[in-house]
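J.: The structure follows.
The values are calculated or read from the model by the stated rules, or taken from the named source; none is laboratory data. Model, not experiment: these values are computed from the prediction. Positions of Cβ are generated from backbone atoms using ideal geometry, with glycine treated the same way; all protein chains shown enter the neighbour counts. With ligands, DNA and RNA removed, areas are computed over all heavy atoms of the protein, side chains included. Shrake-Rupley method; radii C 1.70, N 1.55, O 1.52, S 1.80 Å.
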Amino acid sequence: MIRRPLRPLARILQARARGENPDAIERENLRLRHEVSRDADRERAESRLFVLGLCFALAFAGVGLRMGVLASTKPSEPRVAQGGAGIVATRAEIQDRRGRILATNLETAALYVHPHELVDPARAARELAKLFPDLDEARMLADFTGPRKFLWLRKVMSPEQQQAVHDIGEPGLLFATREMRLYPNGALAAHVLGGAAFDREDVRAAEIIGTAGVERSFDARLRDPGRANDPLQLSLDLTAQTAMEDVLASGMTLMNAKGAAGVLMDVHTGEVIAIASLPDFDPNARPAPPTKGDPTASPIFNRSVQGVYELGSTFKIFTVAQAMDLGLVNPETMIDTKGPMVKGRHKITDFRNYGPELSVDKVIVKSSNIGTARIALMIGAERQKAFLDLMGLTEATNIEISEARSGKPLLPPRWSDIVTMTVSYGHGFSTTPLHLAAGYAMIANGGTRVEPTLLRRDTPQYGPRVVSAKTAAQSLAMLRHVVTEGTAKVAEVPGYQVAGKTGTADKPKPGGGYYKEKVIATFASVFPADAPRYVLVVTLDEPVNTMGREPTRTAGSTAAPVAAELIRRIAPLLDLKPRIDPVQLDGITLTSN
Amino acid sequence: MTEMVYGAAPVSGGEPVLPKWWRTIDRWTLSAVTLLFLIGILLGLAASVPLAEKNNLPPFHYVQKQLMFGSLALVAMLLTSMLTPQLVRRLAVVGFVVAFIGLLGLPFFGTDFGKGAMRWYSLGFASVQPSEFLKPGFIIVAAWMLAAAQEVGGPPGRAWSFMLCAVIVGILVMQPDYGQAALILFGWGVMWFVSGASLLRLFGLVGLVAIGGLAAYNTSDHVANRINGYLASDLDPRTQLGYATNAIQEGGFFGVGVGEGRVKWSLPDAHTDFIIAVAAEEYGLMLVLLIIALYAVIVLRSLLRLVRERDPFIRLAGTGMACIFGVQAMINMGVAARLLPAKGMTLPFVSYGGSSLIAGGIAIGMLLALTRTRPQGGIGDLLRGRAR
């Protein structure tokens with residue numbers, strides 16, 4: 001049993017001793033204790049009730065205050081909140097170096113359907129098929145009467161088409177706001193710009209992503225909402241680019257070529273002023289990549305940065321420049337050019353027989369394969385490869401066109417002596433025309449490497465030195481001689497002192513070996529030679545000049561005249577003044593008295 | 001002696017019932033409740049028309065129903081308020097037992113009206129929600145147990161009442177009816193607090209509730225959605241809350257005018273859970289503040305009167321009753337004002353409702369009965385020198 005203590009013990013014991021019943025005392029004590037605890041409870045409850053009341057008062061005041069704040073704010077038009085991962089539809093413009101627009105955005109609308117909201121699906125399908133001939137009426141009707149609650153019909157529309165759809169008056173035909181990418185110049189600079197397409201889309205907006213060219217390589221920067229109003233400025237010059245594509249297209253037709261590429265580059269800054277590849281396309285409707293046939297024949301193939309070709313004799317100047325830089329030869333050193341030159345199973349010949357020996361300068365001017373091969377043997381495979389590495393000719397260029405990464409030079413698998421000899425005159429080693437332009441820019445700017453870039457920059461690049469300034473000057477003088485007295489006499493443009501080198505290379509057959517009648521004709525040039533500003537590379541694919549008595553395929557009669565026309569057109573556009581040397585007044589002495 | 005008594009007019013021992021009732025009742029609370037009921041009718045005229053139209057009934061069908069049930073509720077309130085605290089306790093305990101059995105029977109005989117929670121008995125002409133009647137009953141029973149625990153040598157009433165509370169909360173959560181469960185728990189917590197719970201244990205209870213809430217958040221998508229919707233900074237204007245907030249903003253200080261409101265047409269619960277939005281839109285902040293003030297008057301006056309109460313049972317029961325009434329109103333308005341996560345809870349006496357209105361009337365009647373002026377032994381205190 002549970003024993004309860006007797007309280008107050010002293011008095012109960014006394015009462016017991018007196019023989020009285022202690023229950024009354026105990027009860028009285030209980031009552032007193034009860035009273036005390038009740039009082040304590042009540043006092044505590046009082047304070048806690050006050051706390052409670054205060055809490056309620058504050059809470060009610062808070063609700064009232066909040067209601068007041070809400071009531072005093074302006075109601076905003078109910079707007080569907082953008083989710084956390086909202087679609088950012090903005091995309092920065094692209095401009096040329098003078099701020100002229102190359103790519104911009106246009107507001108348009110996409111068309112979608114809520115079939116369950118259509119009043120008359122049959123009529124809607126009929127009217128839509130009338131407006132958009134590419135939509136099939138029967139299929140639309142099947143969709144409109146099917147179980148689907150939502151479907152897209154068109155991604156973009158002209159304002160007239162939008163109005164016409166609106167005039168159908170169907171509540172189930174709805175427009176989604178869109179911004180579309182627009183290239184106002186059409187096909188101009190198509191390969192540089194690439195193209196853009198819609199990615200994620202919903203009824204509020206659609207994301208535009210770059211699918212090729214600078215649109216793709218600068219995709220993140222162009223989509224950055226913080227830089228939406230900051231256009232991307234390229235190094236291209238719209239007028240020079242226009243002239244380039246214009247002249248190149250005419251040249252391609254005249255020379256019966258199936259393709260052409262042109263690169264115009266500032267030799268100091270590495271900026272690409274104009275770059276073209278023909279045939280081209282309209283980036284507003286970029287064609288899909290071909291699924292069959294030769295991918296390099298597709299218009300979306302970029303011959304100037306993606307296409308790797310054996311660029312032929314244009315490479316000779318690199319061999320000669322390296323030999324001079326190493327002190328192995330100087331422009332006057334005589335080189336044995338007796339042909340044919342036999343090395344193992346291979347036989348190297350010249351286009352014509354140039355006699356038993358030629359000076360180094362003449363080797364370039366006359367474009368002697370044998371002479372160049374002999375110089376290459378002096379250099380040796382190791383040093384030749386290292387030199388090409390140093391020039392950046394053995395890896396893809398870093399130009400900001402996304403396709404350029406696939407323009408990786410084709411190197412010979414083993415670097416034997418015969419490879420050294422063929423590479424020295426540009427065979428068995430394939431690069432893009434852009435690589436060649438960068439190499440010539442190196443010679444033109446005094447011997448330092450430049451990286452071609454498509455971004456506008458106003459300061460020269462100071463890349464690693466490849467050859468000495470003296471070597472560069474001597475090489476440039478040889479290139480000038482090629483134009484004044486060598487294979488490229490047609491390339492002379494009065495007032496612009498063109499220096500350059502032709503290159504005609506037989507096209508390799510897909511199975512091995514070379515075509516006899518198909519060539520890649522290249523002319524790489526620098527102008528003006530006395531103070532080089534620009535390098536221009538023109539490459540024609542399978543050209544035949546049929547204007548003479550018999551058809552010729554050499555670069556001197558195909559690529560060089562096209563390049564000359566280009567320089568004639570473009571140099572004035574680039575504010576380059578022609579310099580006409582004063583007429584020599586023979587036999588007359590000017591005196592003053 | 002005999003003839004002096006014989007034939008004399010009979011004299012009643014005590015004071016007459018009605019004058020005594022009128023003298024001792026809290027007339028402020030009574031007036032506030034009546035006003036709230038009238039405001040409810042006024043708002044029902046606007047808010048319930050769309051529902052009536054939707055159900056192809058005469059436009060004021062629900063107003064008439066509200067008037068009928070409201071009158072019944074007022075009568076129930078008046079009758080209850082005339083009871084003595086002891087009688088209140090007796091009847092409430094009986095009512096509690098009945099309601100508890102009703103709650104247990106819900107899974108077998110109840111209906112969910114297609115809302116996914118078994119909460120109602122359908123009686124044909126009206127529906128009855130046992131938890132509405134359980135609430136005042138539980139408050140009284142728990143207060144009784146807690147008060148008994150304060151007696152020297154009394155039973156362990158705190159533990160008993162807590163277990164009872166836990167069982168009811170458990171049943172309600174299983175329905176699921178988180179709102180009523182929270183109200184029951186809150187009511188018990190408040191009474192426990194006033195009855196002298198140690199603060200440490202009180203914080204323990206708060207922690208327990210927090211853990212329970214977290215568990216509900218993690219296990220129930222429904223609860224998680226509500227909380228996420230509340231925490232999100234952007235308000236989706238297509239939700240009920242979006243409409244309600246917009247209605248409050250539209251109303252401004254003086255409202256858009258009687259019958260001019262639009263929100264009642266877009267909100268399915270305009271006549272119940274979001275009646276305050278209708279009030280805000282049509283009559284502006286003025287009416288909203290009046291409604292808040294009326295609830296504040298009821299709660300605060302009741303609490304102040306209970307401060308003077310010496311009887312622990314009356315004190316506790318009154319506190320619990322006033323607090324769940326006030327908190328229910330606060331949650332309803334807090335949700336509409338986006339102070340709290342979305343939780344369907346009616347605005348007592350203002351929202352449309354049949355059985356809930358009568359249950360509310362009974363509860364307020366009990367509160368009135370408990371807060372009636374009574375002799376509080378003030379003289380005794382004075383004599384013993386314990387005067388305040």
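J.: Filter A:Lys366/A:Lys470; A:Lys385/A:Lys489; A:Lys347/A:Lys489; A:Lys343/A:Lys489 down to the pairs with a C-alpha to C-alpha distance above 25 Å, please.
T.: A:Lys385/A:Lys489; A:Lys347/A:Lys489; A:Lys343/A:Lys489
J.: Given only helices, namely DSSP H runs of n ≥ 4 each adding -39500 (n - 2.57), what is the per-residue ellipticity at 222 nm of the protein assembly as shown, to the nearest 500 deg cm²/dmol?
T.: -16000 deg cm²/dmol
J.: Ignoring ligands, DNA and RNA, please state the percent of accessible area on segment A:94-233 from carbon and sulfur, probe 1.4 Å.
T.: Here carbon and sulfur together make up 51 percent of the probe-accessible area.
J.: Tell me which of B:Ala363, A:Thr177, A:Thr431 sits at the most positive position along the dipole axis of the protein assembly as shown, charges placed on C-beta atoms (Lys, Arg +1; Asp, Glu -1).
T.: Of B:Ala363, A:Thr177, A:Thr431, it is B:Ala363.
J.: Please build a GNM for chain B, connecting alpha carbons under 10 Å apart, and tell me which residue among B:Thr245, B:Thr84, B:Thr319 fluctuates the most.
T.: B:Thr84
J.: Right, something else. On C-alpha positions alone, give me the angle between the axis of helix B:199-219 and the longest principal axis of chain B, in degrees, nearest 10.
T.: Helix B:199-219 and the main axis of chain B meet at about 30 degrees.
J.: So, one more: Please give the average number of partner chain Cβ atoms lying within 10 Å of the Cβ of each residue in A:36-48, rounded to a whole number.
T.: Values: counts 1, 4, 6, 4, 2, 8, 10, 2, 3, 13, 7, 2, 8.
That works out to 5 on average.
J.: If we sort A:251-257, A:286-292 on the protection proxy, mean other Cβ atoms within 10 Å, highest first, what's the order? Mind showing how you got there, number by number?
T.: Values: A:251-257: 19.1, A:286-292: 10.7.
With the highest mean Cβ count within 10 Å placed first, the list reads A:251-257, A:286-292.
J.: Could I ask something else about it? Which residue fluctuates the most in chain B, going by a Gaussian network model with Cα springs under 10 Å, if the choices are B:Pro16, B:Pro176, B:Pro312?
T.: B:Pro16
J.: How much accessible surface does B:Tyr178 have with a 1.4 Å probe, in Å² rounded to 10?
T.: 80 Å²
J.: With all protein chains present, how much of the accessible area of segment A:485-572 (probe radius 1.4 Å) comes from carbon and sulfur, to the nearest whole percent?
T.: With neighbouring chains kept in place, the figure for segment A:485-572 is 53 percent.
J.: Across peptide B:272-281, what mean number of C-beta atoms from other chains lies inside 10 Å of a residue's C-beta?
T.: 1
J.: At the nearest 100 Å², what buried accessible area, both sides summed, do you get for A and B when the probe is 1.4 Å?
T.: Adding both sides of the contact gives about 4000 Å².
J.: Probe 1.4 Å, all protein chains in place: accessible area of A:His116 in Å², nearest 10?
T.: 100 Å²
J.: Give the Rg/Rh ratio for segment B:107-224, taking Rg as the radius of gyration of the Cα atoms and Rh as the Kirkwood radius, to two decimals. List each step's numbers first, then the result.
T.: On the way: Rg = 16.2 Å, Rh = 15.7 Å.
Reported Rg/Rh, Kirkwood definition of Rh: 1.03.
J.: On average, how much accessible surface per residue is there in segment B:153-272, in Å², for a 1.4 Å probe, leaving out ligands, DNA and RNA?
T.: With all protein chains present, segment B:153-272 gives 52 Å² per residue.
J.: Taking Cα centroids, how far is segment A:498-512 from segment A:238-266 in Å?
T.: Using only Cα atoms, the two centres lie 18 Å from each other.
J.: Same structure, new question: Could you work out the relative contact order of segment A:125-221, using alpha carbon pairs under 8 angstrom and six or more residues apart, expressed as a whole percent? Mind showing how you got there, number by number?
T.: Numbers: 86 pairs, mean separation 17.3, N = 97.
For segment A:125-221, the relative contact order is 18 percent.
J.: Sticking with this one: Which value results for Rg/Rh of chain B when Rg is the Cα radius of gyration and Rh the Kirkwood radius based on the inverse mean 1/r?
T.: Checking Rg against Rh, the ratio lands at 1.01.
J.: Distance from the Cα centre of segment A:469-492 to that of segment A:199-237, in angstrom?
T.: Each part's Cα centre sits 43 Å from the other's.
J.: Viscosity 1.002 mPa s, temperature 20 °C: what is the translational diffusion coefficient of the protein assembly as shown from Stokes-Einstein with a Kirkwood Rh over Cα pairs, rounded to a whole number of µm²/s?
T.: 57 µm²/s
J.: Nearest 10 degrees, 0 to 90: what angle lies between the long axis of helix B:157-174 and the longest principal axis of chain B (Cα atoms)?
T.: Result, in degrees: 20.
J.: Mean separation of Cα pairs under 8 Å and 6+ residues apart, divided by the residue count of chain B: what relative contact order is that in percent?
T.: 27 percent
J.: Go from 0 up to the bin containing the longest alpha carbon distance in segment A:107-167, width 5 Å each, and give me the % of pairs per bin.
T.: 4, 19, 32, 27, 15, 3, 0
J.: Report the relative contact order of segment B:72-141, percent, no decimals, based on alpha-carbon pairs under 8 angstrom and at least 6 residues apart. List each step's numbers first, then the result.
T.: Values: 62 pairs, mean separation 23.6, N = 70.
Computed over segment B:72-141, the figure is 34 percent.
J.: With springs only between Cα atoms under 10 Å apart, run a GNM on chain B and tell me which of B:Gly187, B:Gly212, B:Gly124 wobbles the most.
T.: B:Gly124
J.: Still on this structure, please answer the following. Of the heavy-atom accessible surface of segment B:25-372 (probe 1.4 angstrom), what whole percent is carbon and sulfur? Before the final figure, lay out the partial values.
T.: Details: 9810 of 14250 Å².
Summing carbon and sulfur atoms, their accessible area is 69 percent of the total for segment B:25-372.
J.: Accessible area per residue of segment B:25-111 at 1.4 Å probe, in Å²?
T.: 50 Å²
J.: To the nearest 20 debye, what charge dipole does the protein assembly as shown have about its Cα centre, counting +1 at the Cβ of each Lys and Arg and -1 at the Cβ of each Asp and Glu?
T.: 3560 debye
J.: Kindly tabulate the residues in segment B:291-311 with an accessible-area decrease of at least 40 Å² between the chain alone and the assembly of all protein chains, using a probe of 1.4 Å.
T.: Hits at the 40 Å² cut-off: B:Ile292, B:Leu300, B:Leu303, B:Val307, B:Arg310.
J.: While we're here: Tell me which lysines have Cα within less than 20 Å of B:Lys343's Cα, excluding those fewer than 8 residues away on the same chain?
T.: Reachable lysines: B:Lys115, B:Lys135, B:Lys264.
J.: Follow-up question, since we're still on this one. Accessible area per residue for segment A:181-334 in Å², computed with a 1.4 Å probe and the full protein assembly in place, what is it?
T.: 35 Å²
J.: Moving on to the next point. Considering the zone a paramagnetic label at A:Ala15 would reach in this model (a point 7 Å from Cα along the Cα-to-Cβ line), which residues of segment A:28-58 have amide N under 13 Å from it?
T.: Those under the cut-off are A:28-32.
J.: How fast does segment B:54-120 diffuse by Stokes-Einstein, in µm²/s, taking the Kirkwood radius from C-alpha pairs at 10 °C and 1.306 mPa s? Don't jump to the answer; show the numbers that get you there.
T.: Details: Rh = 15.1 Å.
D, rounded to a whole number, is 105 µm²/s.
J.: Per-residue Cβ counts within 10 Å, from other chains only, averaged over A:50-62: what number is that?
T.: 6
J.: How big is the shadow of the Cα convex hull of segment A:94-233, averaged over all directions, in nm²? Could the numbers behind the result be given before it?
T.: Details: hull surface 37.7 nm².
It is 9.4 nm².
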